[in-house]
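Student: To start, I am sharing the structure in question, which I have written as C-alpha cells.
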Amino acid sequence: MQNRSQAYGKQHKPPVFRKVGGGLKALVIFLVVLMDVYPLFWMITASFKTTTEFATRPAYALNEGFYVQNYVDAWTRGKMSLYFVNSLMYTVCSLFFIVILCMCLSFALTKMHWKWRKFFSAYFALGIMIPGAVTLIPCFQIFKSLNLLNTRSGMIMLYTASSISFSIYLLASYMRSLPDEILEASVIDGCDIYKMLWHIVIPLMKNAIITVLVINFFFKWNDLITSMTFANKTSLKTVQTGLLYFQDEFGSKNWGAIFASVSISVMPMLLMYLFLNKAVIEGMTSGAVKG
Amino acid sequence: MEKVLRDRKALMLFIVPGLILYTAFVTLPVLWSAYYSFFDGMPGFANWTFKGVNNYLKLFRDQNFSNAFSVNLRYMAIVMVGQVCIGLMLSLMFKFWVKRAASLVRTIVFFPVVLPVVAVAQLFSKIYEIQPHYGLLNSLLAGIGLEGLVQPWLGQASTVLGALCGMDIWTALGFYAIILYGALLDIPEDIIEAARIDGCHSFQLFGRILLPQLQPMLVTCFIFSFTGTIKMFESSLALTQGGPGGAARSLSMYMYDTAFTYQKTGYASTVALVILALCLLGSAVIRRFDRKDL
C-alpha cells in the first residue's frame, strides 16, 4: 500500500508545482544550450568589432557594425589564405590515400584467404593504442634522414599512416558483416578480385566510407602536433599552426583579426556540421559504440 | 570463389603499401624510441653517446619531469571526472527532460566536439583575458558586480590548470553526452517502467537501475577520456604554452621541449616511453572495471 502511494505520488503534486518543475527543466536545458552556443556566438560577433570597440566597450557587448577589414587582414596579412590552402591540400590528399589503402587492407584482412591474416589483423590493431606523441621523435629523425622535413608529401604520408589503424578498425567491422554470398555471386558473374572490390564491395560500404572520411577530416583538419613539427616553414604551415602563432604576428591588441582568423579556421567544420551533423555525430561516436 | 580470394598478386598489392607506411611511421618508431632511450644527446652529433639505463634513473631525480607528471595527473583526474560525470548528467537530461526540439538540442550540444583545439584555445584565451582589456569572463563578472573575482585566469599558477580543464571539459562534453545517451536508449523501457511501478524514485532509479546498465559504456567513456587526456598537449600549448612557469606543462609538452628545444633526443624518448607505458597500463586498469562476469 505504501509503495502504491509512493508510485502515484507524482500525480498528486499540485499542478503549480509541476509547472514550476517544467519551467526549471526548460531553464536548465536553455542554460546548457547557451553554454555551448554563446562562446561561438561571441567569437563571431567579436570578429566584426574594431580595435577601439574592444577597448571602450565591455567584451560581452554586441558588435556596433560589421568591420569586415578584420577578415581581410586575417586572410591576407595573416596569411590565412595560404594556410587554408595548405590545410585543405594535406587533408584532402591524405583522406584519399586513407580510403584507398584502408579499403584494400580491410578487404584483405577480412575477406581474403591467406596464412598470416590473423597475425596482420592484430598487427594493424596495435596502432590504436599508440599515442601520436610517442612516434614523434623517431619520425622526426626518419624524416630528417630521408629529407622529408618540410615537404608536402611528407605531411601527407604521416597523416595517412597515423590514421591507418583506426580506419581499418572501423572499415573491417562493417566489412565483416557483408555476406560472403554476395562476393560469391559476383565471382560466378565473372568478376575478378579488382572488379569485385570496385563494383561490389565499395558501393556496399558507402556509409562506412563516409564515416571514415568524416572522422579523418576532423582529425586531419584539427591536427596541430604533426603539422607544427614537420611543416614549420611559413609556405607549408597549416591553419592550426598558423593560428598558434597568430598572436605574435598581430600583437595581442588586435583581437578583431585574431577572432576573424579563428572564425575562418572553424568555418569548414561548421559547414560540414550544418549539412552532415547526423553523419558527423555517428562517425565520431562510432568508435565508442562499436567497441 | 576460393581461387579469386587467394589471389597472391592482388593480396600483395592490397597489403604492401599500407604495411610499409604503417610500419615505417607507427610501429617502427616505438621500437626506435626504445632504442633511443639508452642514449644521450642527439643522433648524428658528437654528443650522441650510449648511457645504458641512465635516462631511466634520471627520471626519478628530474624536478621538471615530476612536475609535468603531477600536472598531467591532476589534469587527467579533473577532466576525466568532469567529462564523464557531466556528460552523464547531460545524457540523463536528453533522455528524461528534453521533449521539444530534442535532436536540435543534441546537435548543438555536440557541436564544440568538432572544433579545432587551437581555435577553441584562442577563443578561450580571449574569454579568460584580463589585459589589455577584460575578456568575456572577467567582463561578465564585473558586469554582475563580482569585481572581486576578476583575475588573470591564465596568468597565475593557481587558476591556469582549472581554466584549461574547464575548456577541455566544455569541448568534449557533447561527445560523452551523446554516447551515454545512446546507451541509455538501449536500456529496455520496460525495466525503467517496472522500477517506477515498484516505487523507485528518480535517485533510486538512477543508482539501482540505470548506473549498472550503463557500466560497460561508462568504462568505454573513461577509456576514451583517459587516452585523450594522457596525451594532454595541444590544448595546453595553444592556451598558455604550458605556462605560467610550467603550471600547465604536461608530460607530452615536456617531452616535446626536451626533444626539439633542448635537443636531448635520448632523454625525450625515455619520457615518450613513459607516456606509452602509462597509456597501456591505464587502459588495462580501467578495463578491469568492466564487469564481464555479470
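The values are calculated or read from the model by the stated rules, or taken from the named source; none is laboratory data. Please read all numbers here as calculations on a predicted model, not as lab measurements. With ideal geometry, Cβ positions are generated from the backbone for all residues, glycine too; neighbour counts draw on all protein chains shown.
Student: Quick one: would you say residue A:104 is within 7 Å of another protein chain (Cβ to nearest Cβ) and at pLDDT 90 or above? Outline the logic, then answer.
Tutor: On the way: within 7 Å of another protein chain (Cβ to nearest Cβ): yes; at pLDDT 90 or above: yes.
So residue A:104 passes the test.
Student: While we're here: So which pairs qualify, if the first residue must be in region A:23-45 and in contact (Cβ under 8 Å) with a residue 24 or more places away in the chain and facing chain B (nearest Cβ under 9 Å), the second must be surrounded by 14 or more Cβ atoms within 10 Å (Cβ to Cβ) and of a type outside the set (Val, Ile, Thr), the Cβ gap must be under 7 Å, and the two must be at least 6 apart or on different chains?
Tutor: Once the first residue is in contact (Cβ under 8 Å) with a residue 24 or more places away in the chain and facing chain B (nearest Cβ under 9 Å) and sits in region A:23-45, its partners that are surrounded by 14 or more Cβ atoms within 10 Å (Cβ to Cβ) and of a type outside the set (Val, Ile, Thr) give A:43/A:259; A:43/A:263; A:43/B:123.
Student: Pairs, please: C-beta under 8 Å, at least 6 apart or cross-chain, first residue under 21 Å from residue A:259 (Cβ atoms) and in region B:132-150, second of a type in the set (Val, Ile, Thr)?
Tutor: B:134/B:150; B:135/B:127; B:136/B:127; B:137/B:127; B:138/B:130; B:138/B:150; B:141/B:150; B:142/B:150
Here's the yes/no breakdown for (1) more than 23 Å from the chain's Cα centre (by Cα); (2) within 21 Å of residue B:233 (Cβ to Cβ); (3) surrounded by 21 or more Cβ atoms within 10 Å (Cβ to Cβ):
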site: A:159; (1), (2), (3): no, yes, yes
site: A:167; (1), (2), (3): no, no, yes
site: A:171; (1), (2), (3): no, no, yes
site: A:180; (1), (2), (3): yes, no, no
site: A:186; (1), (2), (3): yes, no, no
site: A:199; (1), (2), (3): yes, no, no
site: A:208; (1), (2), (3): no, no, yes
site: A:213; (1), (2), (3): no, no, no
site: A:224; (1), (2), (3): no, yes, yes
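Student: From the list A:36, A:73, pick out the single residue that is closer than 30 Å to residue A:233 by Cβ and part of a helix (DSSP H, G or I). So that I can check it myself, show each step before the final result.
Tutor: Working: A:36 fails: closer than 30 Å to residue A:233 by Cβ.
On inspection, the qualifying residue turns out to be A:73.
Student: Further question on the same structure: Can you tell me which residues in region B:20-41 are more than 7 Å from chain A (Cβ to nearest Cβ), buried (at least 18 other Cβ atoms within 10 Å of the Cβ) and either part of a loop (DSSP other than H, G, I, E, B) or without any contact (Cβ under 8 Å) to a residue 12 or more places away in the chain (or both)?
Tutor: B:37
Student: Follow-up question, since we're still on this one. Can you find a residue that is farther than 20 Å from residue A:43 by Cα, crowded, with 22+ Cβ neighbours inside 10 Å, out of contact with any Cys (no Cβ under 8 Å at 6 or more places or on another chain) and not small (Gly, Ala, Ser) anywhere in region A:239-257? Give the derivation first.
Tutor: Here is the first cut: in region A:239-257, the ones farther than 20 Å from residue A:43 by Cα are none.
Checking region A:239-257: not a single residue is farther than 20 Å from residue A:43 by Cα, crowded, with 22+ Cβ neighbours inside 10 Å, out of contact with any Cys (no Cβ under 8 Å at 6 or more places or on another chain) and not small (Gly, Ala, Ser).
Student: Got at least one residue in region A:122-134 being in a helix (DSSP H, G or I) and hydroxyl-bearing (Ser, Thr, Tyr)? Write out each step before concluding.
Tutor: To start, the set of residues in region A:122-134 that are in a helix (DSSP H, G or I) comprises A:122-129, A:132-134.
Among the residues that remain, those that are also hydroxyl-bearing (Ser, Thr, Tyr) are: A:123.
Yes, region A:122-134 contains a residue that is in a helix (DSSP H, G or I) and hydroxyl-bearing (Ser, Thr, Tyr).
Student: Which of the residues spanning region A:235-265 are assigned to a loop (DSSP other than H, G, I, E, B) and more than 22 Å from residue A:156 (Cα to Cα)? Quick ask: steps written out before the conclusion?
Tutor: Step one: filter region A:235-265 for residues assigned to a loop (DSSP other than H, G, I, E, B), giving A:237-238, A:245, A:251-254.
If the condition is that a residue be assigned to a loop (DSSP other than H, G, I, E, B) and more than 22 Å from residue A:156 (Cα to Cα), then A:245, A:251, A:252, A:253, A:254 are the ones that fit.
Student: Moving on. Residues being more than 7 Å from chain A (Cβ to nearest Cβ) and in a loop (DSSP other than H, G, I, E, B): count how many of those fall in region B:231-288.
Tutor: Residues that pass the stated criteria total 15.
Student: The conditions are (1) more than 30 Å from residue A:56 (Cβ to Cβ); (2) within 8 Å of chain B (Cβ to nearest Cβ), and residue A:234 fails exactly one of them. Which is it?
Tutor: (2)
Student: Hey, another quick one. Confirm whether residue B:206 is modelled with pLDDT under 90 and of a type in the set (Phe, Trp, Tyr). Don't jump to the end; show me each part of the working.
Tutor: Details: modelled with pLDDT under 90: yes; of a type in the set (Phe, Trp, Tyr): yes.
For residue B:206, the condition - modelled with pLDDT under 90 and of a type in the set (Phe, Trp, Tyr) - is met.
Student: Here are some conditions: (1) closer than 22 Å to residue B:27 by Cα; (2) at pLDDT below 90; (3) of a type in the set (Gly, Ala, Ser); (4) surrounded by fewer than 16 Cβ atoms within 10 Å (Cβ to Cβ). Residue A:133 meets all but one. Which one does it not meet?
Tutor: Going through (1) closer than 22 Å to residue B:27 by Cα; (2) at pLDDT below 90; (3) of a type in the set (Gly, Ala, Ser); (4) surrounded by fewer than 16 Cβ atoms within 10 Å (Cβ to Cβ) one by one, residue A:133 breaks only (4).
Student: What are the residues in region B:145-171 that are β-branched (Val, Ile, Thr) and modelled with pLDDT under 90, if any?
Tutor: Going residue by residue through region B:145-171, those that are β-branched (Val, Ile, Thr) are B:150, B:159-160, B:169, B:171.
Correct list: B:150 only.
Student: Here's something else I'd like to know. Has region B:197-216 got at least one residue that is buried (at least 16 other Cβ atoms within 10 Å of the Cβ) and outside any helix (DSSP H, G or I)?
Tutor: The answer is yes, given that some residue of region B:197-216 is buried (at least 16 other Cβ atoms within 10 Å of the Cβ) and outside any helix (DSSP H, G or I).
Student: Shifting gears a bit: Filter region B:73-113 for residues that are of a type outside the set (Lys, Arg) and facing another protein chain (nearest Cβ under 8 Å) and give the result. It would help to see each step written out before you state the result.
Tutor: Just the residues of region B:73-113 that are of a type outside the set (Lys, Arg), to begin with: B:73, B:75-94, B:96-98, B:101-105, B:107-113.
Selection gives B:90, B:93, B:97, B:98, B:105, B:107, B:108, B:109, B:110, B:111, B:112, B:113.
Student: Could you tell me whether residue A:268 is within 11 Å of another protein chain (Cβ to nearest Cβ) and either over 30 Å from residue B:221 (Cβ atoms) or in a helix (DSSP H, G or I) (or both)? Can you show your working first?
Tutor: Working: within 11 Å of another protein chain (Cβ to nearest Cβ): yes; either over 30 Å from residue B:221 (Cβ atoms) or in a helix (DSSP H, G or I) (or both): yes.
Answer is yes for this residue.
Student: Of the numbered conditions (1) without any contact (Cβ under 8 Å) to a residue 60 or more places away in the chain; (2) within 27 Å of residue A:287 (Cβ to Cβ); (3) surrounded by 21 or more Cβ atoms within 10 Å (Cβ to Cβ); (4) not charged (D, E, K, R), residue B:153 fails exactly one; give the number of that condition.
Tutor: Every condition holds for residue B:153 apart from (2).
Student: In region B:114-166, which residue that is more than 17 Å from residue B:244 (Cβ to Cβ), more than 7 Å from chain A (Cβ to nearest Cβ) and outside any helix (DSSP H, G or I) is nearest to the chain's Cα centre (by Cα)?
Tutor: Top of the filtered list is B:150.
Student: Separate question: Taking only region A:140-161 into account, find how many residues are at the interface with another protein chain (Cβ under 7 Å from one of its Cβ atoms) and touching a residue at least 24 places away in the same chain (Cβ under 8 Å).
Tutor: Residues meeting the conditions: 2.
Student: Could you please find all residues in region B:1-18 being of a type outside the set (D, E, K, R) and either within 8 Å of chain A (Cβ to nearest Cβ) or under 20 Å from residue B:59 (Cα atoms) (or both)? Working first, answer last.
Tutor: To start, the set of residues in region B:1-18 that are of a type outside the set (D, E, K, R) comprises B:1, B:4-5, B:10-18.
Of everything in region B:1-18, those that are of a type outside the set (D, E, K, R) and either within 8 Å of chain A (Cβ to nearest Cβ) or under 20 Å from residue B:59 (Cα atoms) (or both) turn out to be B:1, B:4, B:5, B:10, B:11, B:13, B:14, B:15, B:17, B:18.
Student: Residue A:190: free of Cβ contacts under 8 Å to residues at least 40 places away in the same chain, within 11 Å of chain B (Cβ to nearest Cβ) and outside any helix (DSSP H, G or I), yes or no? First the steps, then the outcome.
Tutor: Working: free of Cβ contacts under 8 Å to residues at least 40 places away in the same chain: yes; within 11 Å of chain B (Cβ to nearest Cβ): yes; outside any helix (DSSP H, G or I): yes.
Yes, satisfied.
Student: I'm told residue A:95 meets every condition in (1) part of a helix (DSSP H, G or I); (2) more than 22 Å from residue B:276 (Cβ to Cβ); (3) free of Cβ contacts under 8 Å to residues at least 60 places away in the same chain except one. Can you identify the failing condition by its number?
Tutor: Of (1) part of a helix (DSSP H, G or I); (2) more than 22 Å from residue B:276 (Cβ to Cβ); (3) free of Cβ contacts under 8 Å to residues at least 60 places away in the same chain, only one is false for residue A:95: (3).
Student: Sort out which residues of region A:45-60 are of a type outside the set (S, T, N, Q) and touching a helix residue (DSSP H, G or I) at 6+ places or on another chain (Cβ under 6 Å), and write them in order of number.
Tutor: Answer for region A:45-60, where residues must be of a type outside the set (S, T, N, Q) and touching a helix residue (DSSP H, G or I) at 6+ places or on another chain (Cβ under 6 Å): A:46, A:49, A:54, A:58, A:59, A:60.
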